[in-house]
Amino acid sequence: MSTNVPTTAALQSARIAVLGYGSQGRAHALNLRDSGLDVTVGVRRNGPSWEKAAADGLKVAEPADAVKNADLVAVLTPDMVQAALYTDAIAPNLKPNAALLFAHGFNVHFGQIAPRADIDVILVAPKGPGALVRREYEKGHGVPCIYAIHQDASGKARDKVLAYAAGIGGARALLIETTFAEETETDLFGEQAVLCGGATELVLAGFETLTEAGYQPEIAYYEVLHELKLIVDLLHEGGLAKMHQFVSETAQYGDLTRGPRVVDGATKARMKQILDEIRDGRFAQEWVAEYKAGNGNYRALKQKDLNHPIEQVGAGLRARMPWLNPAQPTLTAVPAP
Ligand code: NDP
Ligand code: MG
Ligand code: MG
């Protein structure tokens, strides 16, 4: 047989433990199971995930018990709880030559977890949220994944990581090899400077500019937040060219002449500083310390975001557009460490 598309063959007789049943955990566990692999979800007996995974028809065990039998353990709890989980449940129970898999390299790259020398340490990071990883799989597609090998104790780490990526549907889309360092640093930069941090601040500054000038908040909301999706969809599907093709000439001329005044060389210089803080470990150190101190600053900043007037205006408008996304929760709690 000659095919370059990776298959699940290398994990066909493996027992897989998926620790965590949240955004990524649920999607990975269900996709792996539907790909014919043997999956046990490892979550706390008293947490809400236990019932959820059981209701989805999966085998469920406490994390330590799930790890004991596993040939591959996927660590899909929040990043900040992974180090303790490794020390308490994984390291004492993981079989030699088993594989430890991450969806983000944070803990290994920044030294929060120092994996045992006798195990494989691999990474498969889908380039999309868990709900999409599941939805695309159910449609017969996949979400592009990047993958990496940090440690190859068994000599089979590459087969395992590719088989896992195939099992969650990534091989149906696109797989790109990376390193833990590259995945971790680019992922953090993307979410900080552009996707989450940059995009939301751009929206808020635009909303404030319009409402402070006396325009109706509802109209400002549509202009700077609601319609962002239309532009992002065009970029996602066809890059700058497709966006140019679908917006008016007036919009294009305004974009080309005014855009560079909003995001200019000074913005890029600050992006570079943010990247430097990621690369030299300052961001990781700050975030781990914040988490260990009880998340007080994180909570306060998040509350400030949620108290912004755009949130009230948006909630009112979205209630009148129930077709947008009724099932998705809009607020998430900040977990205690
Ligand atoms: P979630 O926040 O959705 O994980 C929640 C799950 O973790 C729940 O099942 C919860 O169980 C469990 N959990 C929480 N705290 C503990 C604990 N102390 N001990 C044991 N289990 C616990 O995580 P994500 O899916 O967002 O992230 C998982 C990994 O994937 C991270 O490394 C992240 O960086 C990465 N990633 C995430 C993406 C995303 O879109 N969210 C995208 C790509 C990578 P319970 O019900 O018991 O509380
Ligand atoms: Mg991330
Ligand atoms: Mg913000």
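Within the set of pairs 6+ apart or on separate chains, which have a first residue in the range 132-144 that is surrounded by fewer than 22 Cβ atoms within 10 Å (Cβ to Cβ), a second that is among the charged types (D, E, K, R) and part of a helix (DSSP H, G or I), and C-beta atoms under 7 Å apart? So the pair list comes out as H141/R172.
Across the range 1-32, the number of residues qualifying as over 24 Å from the mean Cα position of the chain (by Cα) and among the basic types (K, R) comes to 1.
On the basis of being more than 26 Å from A173 (Cβ to Cβ) and modelled with pLDDT of 95 or more, does L85 make the cut? Taking the combined requirement at face value, the residue satisfies it. If you go through the range 184-209 and keep only what is in contact with a Phe, Trp or Tyr (Cβ under 9 Å, 6 or more places away or on another chain) and within 14 Å of ligand 1 (Cβ to nearest atom), you end up with T184, D187, L188, Q192. Kindly indicate whether any position in the range 132-151 is more than 20 Å from the chain's Cα centre (by Cα) and under 24 Å from R279 (Cβ atoms). Looking through the range 132-151, at least one residue is more than 20 Å from the chain's Cα centre (by Cα) and under 24 Å from R279 (Cβ atoms). Hey, does the range 142-163 have a residue that's more than 27 Å from N97 (Cα to Cα) and among the basic types (K, R)? Checked the range 142-163: no residue is more than 27 Å from N97 (Cα to Cα) and among the basic types (K, R).
The condition of being within 16 Å of ligand 2 (Cβ to nearest atom) and within 10 Å of I122 (Cβ to Cβ) holds for only one of A181, A165, A148, that being A148. Taking every residue in the range 196-224 that is modelled with pLDDT of 95 or more and pairing it with any residue that is within 16 Å of ligand 2 (Cβ to nearest atom), at least 6 positions away or on another chain, yields no pair with a Cβ-Cβ distance below 6 Å.
Taking each residue of the range 232-245 that is at positive phi and looking for partners that are part of a helix (DSSP H, G or I) and among the hydroxyl-bearing types (S, T, Y) with beta-carbon atoms closer than 8 Å, six or more apart or interchain, yields nothing. Please indicate, with yes or no, whether at least one residue in the range 108-115 is assigned to a strand (DSSP E or B) and away from ligand 2 (no atom under 16 Å from the Cβ). No, that holds for no residue. Sub-6 Å Cβ pairs linking a first residue in the range 71-88 that is in contact (Cβ under 8 Å) with a residue 40 or more places away in the chain to a second residue that is hydroxyl-bearing (S, T, Y) and more than 6 Å from ligand 1 (Cβ to nearest atom), at least 6 apart or interchain, are M80/Y291, ordered by first then second residue.
The values are calculated or read from the model by the stated rules, or taken from the named source; none is laboratory data. Please read these numbers as outputs of a predicted model, since none were measured by experiment. Please note: Cβ atoms are built from the backbone with ideal geometry, for glycine as well, and neighbour counts cover all protein chains shown.
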